[in-house]
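Just below is one structure, and these are the notes that go with it.
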Amino acid sequence: MSQLSVKHLLGIKNLTAGDIELILQTADTFKEVLNRPIRKVPSLRDITIANVFFENSTRTRLSFELAQKRLSADVINFSSSSSSVKKGETLLDTVNNILAMKVDMIVMRHSSPGSPHFLAKHIRANIVNAGDGTHEHPTQALLDSFSIREKFGGVAGRRVAIIGDILHSRVALSNIFALQKQGAEVMVCGPVTLLPRYIRELGVKVELDVRKALRWCDVANVLRIQLERQQIKYFPSLREYSLYYGISKAMLDELDKEILLMHPGPINRGVELTSDAADSHHSVILNQVENGVAVRMAVLFLLAQTG
């Protein structure tokens with residue numbers, strides 16, 4: 001397989017196992033490029049990409065922008081906080097105005113689930129979903145799979161526990177789809193108030209005891225408590241959450257095996273992870289950040305081939 005089966009990256013749910021494998025293999029090549037003395041290739045020299053972010057972002061936005069520049073693309077950055085959206089302009093009008101400037105590809109983050117899917121029905125440019133509300137965050141799931149593959153040689157057969165705020169996490173949903181399509185076993189773990197009611201329907205194991213989840217898994221992907229998305233209190237306090245679901249280096253050292261510790265960032269140190277756990281030899285959190293650039297280079301390059 002040398003071409004993606006989709007024109008847009010709207011979510012992992014839309015990808016085939018072959019698509020995922022192609023993206024990860026292409027990312028292998030681009031990671032080699034990033035480790036050369038000259039970390040740039042002319043692959044997207046004639047392509048213009050707009051980063052359209054309606055929500056705040058640091059890692060994802062910087063990672064996409066760096067990936068685009070490493071591929072020699074022309075880059076436009078759009079922030080809704082300083083745009084005509086504040087004056088009442090619609091999403092479609094905003095994007096159509098950007099496209100009128102001869103933009104080939106849109107990387108978009110939006111607080112409303114389904115926003116990139118809506119745009120894909122109305123515009124001709126390629127769209128990459130950089131996170132839509134609590135729905136999906138496909139490139140994060142792909143870079144997580146890439147990081148697991150890098151460590152273990154493959155994802156198939158691995159046991160991955162996703163721990164924390166599953167209810168508000170777009171990372172969790174994309175990871176569940178990506179891992180299952182590659183043959184991994186998935187468990188979710190967190191307070192019952194932070195687990196979606198439909199979660200068992202996705203074919204995942206459910207565990208409420210974090211120590212049992214750690215003993216079961218090969219990989220612990222720990223999620224941030226997303227207080228900014230919570231309209232009501234789902235647990236008494238951050239201190240209590242940390243007491244029952246926080247992971248420390250001592251807990252990891254008690255295990256009779258080595259596990260991989262991941263986190264999509266930003267980390268609430270002292271809440272979901274202690275500093276000594278986040279900085280321990282178990283952690284590949286900074287590797288995930290590095291791998292994010294290679295994976296996003298692969299996604300942009302492959303989508304550009306679809307026209």
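Computed from point charges on the beta carbon alone (+1 for Lys and Arg, -1 for Asp and Glu), the dipole magnitude for the chain about its Cα centre is near 460 Debye. The alpha-carbon positions of segment 1-139 define a convex hull whose volume is 115 Å³ per residue. Of all complete DSSP H helices in the chain, those with a Cα span along the helix axis of 20 Å or greater and a mean Kyte-Doolittle hydropathy of 0.0 or more are 17-34, 285-305.
Kirkwood radius and radius of gyration were both taken over the C-alpha atoms of segment 138-284, and their ratio Rg/Rh is 0.93. Each stretch of four or more DSSP H residues adds -39500 (n - 2.57); spread over every residue of the chain, this sum gives -11500 deg cm²/dmol at 222 nm. For the chain, build the charge dipole from Cβ charges (+1 Lys, Arg; -1 Asp, Glu) around the Cα centre, then report which of PHE78, ASN14, LEU208 sits farthest towards its positive end. Sorting the options by dipole projection puts first PHE78. The percentage of C-alpha pairs in the chain whose separation is greater than 34 Å is 21%. With unit charges on the beta carbon (Lys/Arg positive, Asp/Glu negative), name the residue among ILE23, ILE47, LEU99 whose Cα is farthest towards the positive pole of the charge dipole of the chain. So the residue we want is LEU99. Positive end of the dipole of the chain, charges at C-beta (+1 Lys, Arg; -1 Asp, Glu), about the Cα centre: which of PHE301, SER174, ILE162 has its Cα farthest in that direction? Farthest towards the positive end: PHE301. A Förster radius of 35 Å combined with the Cβ-Cβ distance from GLU254 to THR58 puts the calculated FRET efficiency at roughly 0.55. For segment 241-258 versus segment 114-152, the spacing of their alpha-carbon centroids is 30 Å. Modelled spin labels at ASN287 and ARG45, positioned 7 Å past Cα toward Cβ, are 3.5 nm from each other.
Any read-out appearing in this document is the output of simple, stated calculations on the displayed coordinates, not a laboratory observation. Please read these numbers as outputs of a predicted model, since none were measured by experiment. Cβ coordinates were reconstructed from backbone atoms using ideal geometry, including for glycine residues, and neighbour counts include every protein chain displayed.
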